[in-house]
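As structure tokens, the structure follows; a few thoughts come after it.
The values are calculated or read from the model by the stated rules, or taken from the named source; none is laboratory data. Quick caveat, the model's predicted, so the values are computed rather than measured. Backbone-built Cβ (ideal geometry, glycine too); neighbour counts: all protein chains shown. Only protein heavy atoms, including side chains, enter the accessible area calculation; ligands, DNA and RNA are left aside. Shrake-Rupley method; radii C 1.70, N 1.55, O 1.52, S 1.80 Å.
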Amino acid sequence: MSDDEPKVRRTLQLRFTLPSADSGQLVAMIKAATPFYQMFGNAEVRLLQNVDDPTKFIQVLEYEAREDWELNRQKMASDARVQAFLQMWRAMFPSAIEIDVYQEV
């Protein structure tokens, strides 16, 4: 991504519940996915665990992307790397995953 291309800053949240509070496998998967996250450009990843219900998690991905790429999410969703990442998530988490994308106002 060149410095002269218009960029937007986004925050992606993935909310999900695990069968147990053990986050070891999850942390390992997130670390292994680091190259994928960098596809978004300047990505920062955090994993939050609910204090009252330790089986609930939120993964926060803050990234900066080219404006034209971000505005065409359909194209991004069809990217082979995104599809492989989503398949990995679905295999690991049989329960529903809620995904929201936010922008700063």
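Can you order the peptides 95-101, 7-13, 42-48 by their average number of other Cβ atoms within 10 Å per residue, highest first?
So the peptides 95-101, 7-13, 42-48, ranked by packing, come out 7-13, 42-48, 95-101.
Among the protein heavy atoms, those of TYR37 account for about 10 Å² of accessible surface (1.4 Å probe, every chain in place). Computed from backbone phi, the HN-Hα couplings of segment 46-60 come to 9, 10, 10, 10, 5, 5, 7, 9, x, 8, 9, 9, 10, 9, 10 Hz, rounded to whole numbers (Karplus: 6.51 cos²θ - 1.76 cosθ + 1.60, θ = phi - 60°; Gly and Pro given as x). Karplus-derived 3J(HN,Hα) values for segment 15-25, using 6.51 cos²θ - 1.76 cosθ + 1.60 with θ = phi - 60°, are 10, 7, 10, 9, x, 9, 7, 5, 9, x, 5 Hz; glycine and proline are entered as x. Only protein heavy atoms count here; on that basis, with a 1.4 Å probe, MET39 has an accessible area of about 40 Å². The charge dipole of segment 1-70, taken about its Cα centre with unit charges on the Cβ atoms of Lys, Arg (+1), Asp and Glu (-1) only, comes to about 300 debye.
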